[in-house]
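Below is one structure, written out as structure tokens; the observations come after it.
All of the numbers you see were taken from the coordinates with simple rules; none came from a lab. Just so we're clear, the structure is a prediction, and the values are computed from it rather than from any experiment. Every residue, glycine as well, gets a Cβ built from its backbone with ideal geometry; the counts of neighbours run over all protein chains shown.
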Amino acid sequence: MIKNDYSTAADILTSSRKTIALTGAGISVESGIPPFRGKGGMWEIYDPFEFAHIDSYLRQPEKVWQVFLSELVNTLNQAKPNNGHKGLADLEAMGRLSTVVTQNVDGLHQAAGNSDVIEFHGTFAWHQCMSCQNRLETHELDLSALPPRCGCGGIFRPECVFFGEMIPPDALERSNQLAIQCDAILVVGTSASVQPAAMIPGIAKSVGAKVIEINLEETPLTHRITDVFLGGSAGEVVPRLVSELKVRG
Ligand code: OAD
């Protein structure tokens, strides 16, 4: 593993025929969305088993909304793509990035302009009625009484993956396929501690792909499979990598 070598990272991206990215909460921190783990992380304030497990939602949807989801709606409503998201969109526009696999549910990669985004943990942009399966965009929900209810009386749930639920099969299958096909993977702002998402870089590495990791701190991947570690915030590092590629033409 080599550190902060932008030239080598750019070489990898230049010679790669297919590059994908795996992103996590860290890429959205500069958009005002707190991460899950570490200092200021959501799981420091909220117990994930109490507020992010499907059994808790089914048992106490009102409490999960009052304590956790109402605030999440407000935070996500205000969030705009930052330079990290925009840098990944630039890489796609330059023909250097094909797909973003994201663990985030905030829709910011699409808002930044990436056209092929796999939402590994689903999305918070939509809700579905648990009784009649009617779907509404989150901004259309009536939140005057919690939990939000459908016209049929059923309770809405966000279309994101709760703990205790399966990864959407299409997202899992496509991500695994891309990991096997890619020559390089950018791993941005993830603690790589939640499976099966954390396996994607290892799958790519096992078939010969190069791993470029962008994070404020080292992760379990860094000394195991990372080829180039670029330390710093995604909003600074990704644009710097884009500039390094642009000067090469
Ligand atoms: P985590 O909160 O576990 O990790 C965030 C990572 O981002 C850490 O490694 C930080 O060092 C790094 N980081 C923080 N700020 C950064 C910045 N500005 N630039 C670059 N890196 C930064 O988030 P995830 O790895 O995404 O799952 O967590 C994975 C899953 O755990 C989430 O999708 C969620 C959660 O429980 C579900 O809800 C199912």
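Couple of notes before you dig in:
- Helices (runs of 4 or more DSSP H) wholly inside region 27-84 that include at least 3 residues being away from the ligand (no atom under 13 Å from the Cβ): 54-59, 61-64, 70-78
- Which listed residue, of Phe162, Phe124, Phe156, is more than 16 Å from the ligand (Cβ to nearest atom), surrounded by 14 or more Cβ atoms within 10 Å (Cβ to Cβ), within 17 Å of Phe68 (Cβ to Cβ) and among the aromatic types (Phe, Trp, Tyr): Phe156
- Applying the criterion of being near the ligand (Cβ under 8 Å from one of its atoms) and assigned to a loop (DSSP other than H, G, I, E, B) to the residues of region 215-234, the residue that is surrounded by the most Cβ atoms within 10 Å (Cβ to Cβ) is Thr219.
- Qualifying residue in region 2-13 (condition: within 10 Å of the ligand (Cβ to nearest atom) and in contact with an Asp or Glu (Cβ under 8 Å, 6 or more places away or on another chain)): no
- Selection from region 69-106 of residues that are among the polar types (S, T, N, Q) and surrounded by fewer than 19 Cβ atoms within 10 Å (Cβ to Cβ): Ser70, Asn74, Thr75, Asn77, Gln78
- Selection over region 173-201 of residues that are within 16 Å of the ligand (Cβ to nearest atom), crowded, with 20+ Cβ neighbours inside 10 Å and assigned to a helix (DSSP H, G or I) gives a count of 4.
- Exclusive hit being within 16 Å of the ligand (Cβ to nearest atom) and out of contact with any Pro (no Cβ under 9 Å at 6 or more places or on another chain), set Val237, Val211: Val237
- Contact annotation: residue pairs with Cβ atoms under 8 Å, 6 or more positions apart or on different chains, pairing a residue in region 96-108 that is farther than 17 Å from Pro168 by Cα with a partner that is within 11 Å of the ligand (Cβ to nearest atom) and among the hydroxyl-bearing types (Ser, Thr, Tyr), are Leu108/Ser28; Leu108/Ser31.
- Taking the criterion of being closer than 15 Å to Glu30 by Cα and among the polar types (S, T, N, Q), the residues of region 70-127 that qualify are Thr75, Asn77, Gln78, Asn82, Asn83, Asn104.
- Candidates Val73, Val101, Val117 - the one that is within 22 Å of Ala179 (Cβ to Cβ) and touching a Leu at 6+ places or on another chain (Cβ under 8 Å): Val101
Residue-wise test of (1) within 23 Å of Gly38 (Cβ to Cβ); (2) among the acidic types (Asp, Glu); (3) part of a strand (DSSP E or B); (4) under 16 Å from the mean Cα position of the chain (by Cα).
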| site | (1), (2), (3), (4) |
| --- | --- |
| Leu143 | no, no, no, no |
| Ala171 | no, no, no, yes |
| Ala204 | no, no, no, no |
| Glu213 | yes, yes, yes, yes |
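- Picking from residues in region 14-26 that are in a strand (DSSP E or B) and within 10 Å of the ligand (Cβ to nearest atom), the one that is farthest from the chain's Cα centre (by Cα) is Leu22.
- Residue among Pro147, Pro158 that is in contact with a strand residue (DSSP E or B) (Cβ under 8 Å, 6 or more places away or on another chain), in a loop (DSSP other than H, G, I, E, B) and more than 27 Å from Asp227 (Cα to Cα): Pro147
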